[in-house]
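K.L.:
Got a structure for you, written out below as structure tokens; questions coming shortly.
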Amino acid sequence: MKYTTRLNHPPAVKLPEDNRPLIAPIYQSVKFTFDDVAESERHSRGEREGFVYSRVSNPTLRQLELTLAELQGRDDCLLTASGVAAINLALLALCKQGDHVVLFAEMYQPTRYCVRRLLARYGVTHTMLSIDDIDGIEKILAKKPTRAIVFESPTNPVLKVANLARIAAAARAHGVVTVLDNTFAGFHNHGQFDIDVYVHSLTKYASGHGDVMGGAVIASKQLIDTMRTDFIIIGATLDPHAAFLIQRGLKTYGLRYERQCWNAQRVAEFLASRPEVSRVRYPGLPSDPGHELAKQQMRDFGTMVTVDLACDSDGTSRFAESLRLFAISASLGSTESLSQPGKLMRPRDLSAAEKGWAAVSDATVRLSIGIEDADDLVADLGQGLAALA
Ligand SMILES: Cc1ncc(COP(=O)(O)O)c(C=O)c1O
């Protein structure tokens, strides 16, 4: 081979059958080839396994899909380039013109945008309720033919706990597809409920280090198969290198989540004891409205703590700015702690009544608790509250 040919056809290195890498390699290849056309044809007819093109399927992504499906206790998974891509694609793939969707004021704002703006353009209608209004949820599902109900638990950002058993039962009774954004609770939670579709932002706890984005849709084989082609054609797939980083992050998911929950409980108890704090939302506190439900539904109480401070709007800024260990930042679920003042999460798309349900004000601060030493976190929050005086 001449120079430029060799550059484009490097020598193949074969691994002996009994000599495997301990960590699966990154298949950073868009294209895969079969040695002959007949096998390519057999593959395209679905008569044999294999890979052709990474937007359709890739071994590194497949390993992550199988891992996540098992962690959530379902058959299969589709990966996307971000968490919002997972939500948008799942709802797009499930809904058609004329369908009706139920959603909630207490949820991640882009999910509301997806239903109320994006899907609305294609003739999908919606009803927005409060996640606390379980009677209202049962009533609307009984009264109005509905394609899907999309919800979170605990909700972002005020950590309300949804009654999953009642929502799932009402949805099943009326043939409604349940779509749970399970990002906050994690893969190890909520698998026991009769939920059809779980979506996750892998940007958070799965990767865990704030350095990669991704999303996942996890469901039965039958549901995933009905959505698969739409996902492939829309093409918001995950890159193999991102999938590798997420798979690597998952190794410490259990350890991180456990430590973060433990820290969150300490932080919540500390904040609840302080006069500068008018309300602490953390499902692990016996005083929290969601505590009893969370005890029945979850293995733990999550890693987020949301407070309302007894101060004016400048006070929350002063508090957040004086914290040394909690960077002011969007996102959550990484190893380091973060703060997000309510001012940066104002639900501008909601009516006055809906804003009441959402319960986010300028006094609110959402804290994502990391894996630092709990004593240091508590001391930092203590000096932050002292700065309010
Ligand atoms: C509950 C929830 N779902 C989905 C997302 C979207 O995830 P991503 O940023 O990976 O698109 C977020 C992001 O903060 C979130 O909090």
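The values are calculated or read from the model by the stated rules, or taken from the named source; none is laboratory data. What you are looking at is a predicted structure, and each value in this text was computed from that prediction instead of being measured. Cβ coordinates were reconstructed from backbone atoms using ideal geometry, including for glycine residues, and neighbour counts include every protein chain displayed. These area figures cover heavy atoms from the full protein model, side chains too; ligands, DNA and RNA do not enter into them. Shrake-Rupley method; radii C 1.70, N 1.55, O 1.52, S 1.80 Å.
K.L.:
In degrees between 0 and 90, to the nearest 10, how far off the longest principal axis of the chain does helix 313-322 point, with axes built from Cα atoms?
P.N.:
Tilt relative to the chain: about 60 degrees.
K.L.:
Given the pairs Lys160/Lys343; Lys139/Lys295; Lys160/Lys204; Lys96/Lys144, which span a C-alpha to C-alpha distance of over 21 angstrom in this model?
P.N.:
Exceeds cut-off: Lys139/Lys295.
K.L.:
Ignoring ligands and nucleic acids, what accessible area does Asp132 show with a 1.4 Å probe (Å², nearest 10)?
P.N.:
100 Å²
K.L.:
Another question, then. Please label the shape of the stretch 188-250 as rounded, prolate or oblate, based on the square roots a ≥ b ≥ c of the eigenvalues of the alpha-carbon gyration tensor (a/c under 1.5 means rounded; beyond that, a/b larger than b/c means prolate, else oblate).
P.N.:
Because a/c hits 1.5 or more and a/b fails to exceed b/c, the stretch 188-250 counts as oblate.
K.L.:
When N counts the residues of the stretch 199-328, how does its alpha-carbon radius of gyration compare numerically with 2.2 N^0.38 Å, as a ratio?
P.N.:
1.35
K.L.:
Pairwise over distinct Cα atoms, reciprocal of the mean inverse distance: report the Kirkwood radius of the chain in Å, one decimal place.
P.N.:
Final number for the Kirkwood radius of the chain is 22.4 Å.
K.L.:
Still on this structure, I have one more. What is the antiparallel percent of DSSP beta bridges lying wholly in the chain, to the nearest 5?
P.N.:
60 percent
K.L.:
Nearest 10 degrees is fine. How inclined is helix 253-272 to the longest principal axis of the chain, computing both from alpha carbons?
P.N.:
10 degrees
K.L.:
How do 99-106, 34-41 rank on mean C-beta neighbours within 10 Å, highest first?
P.N.:
Ranked by mean Cβ neighbours within 10 Å, highest first: 99-106, 34-41.
K.L.:
Let me ask you something else. Could you work out [θ]222 nm for the chain from helices alone, using -39500 (n - 2.57) per DSSP H run of at least four and dividing by all its residues? Round to the nearest 500 deg cm²/dmol.
P.N.:
Computed mean residue ellipticity for the chain: -11500 deg cm²/dmol.
K.L.:
Kindly express, to the nearest 10 degrees and within the range 0 to 90, the angle between helix 83-94's C-alpha long axis and the longest C-alpha principal axis of the chain.
P.N.:
70 degrees
K.L.:
Between the stretch 268-288 and the stretch 119-190, how far is it from one alpha carbon centroid to the other, in angstrom?
P.N.:
If we compute the Cα centre of each part, the gap is 27 Å.
K.L.:
In Å², what does the accessible area per residue of the chain work out to with a 1.4 Å probe?
P.N.:
In whole numbers, the chain has 47 Å² accessible per residue.
K.L.:
Where the only charges are on Cβ atoms (+1 Lys, Arg; -1 Asp, Glu), what is the dipole of the stretch 234-389 about its Cα centre, to the nearest 20 debye?
P.N.:
340 debye
K.L.:
Can you send over the carbon and sulfur percentage of the accessible area for the chain, probe radius 1.4 Å, protein chains only?
P.N.:
Carbon plus sulfur share of accessible area: 54 percent.
K.L.:
If you project the alpha carbons of the stretch 139-180 onto the principal axes, what extent comes out on each, in Å, largest first?
P.N.:
Projected onto its principal axes, the Cα set of the stretch 139-180 covers 30, 16, 15 Å.
K.L.:
If you find the alpha carbon centre of the stretch 7-63 and of the stretch 73-94, how far apart are they in angstrom?
P.N.:
Using only Cα atoms, the two centres lie 24 Å from each other.
K.L.:
What nm value, rounded to one decimal, do you get for the distance between Ala352 and Arg121 when each label is placed 7 Å out toward the C-beta?
P.N.:
With each label placed 7 Å out from Cα toward Cβ, I get 3.2 nm.
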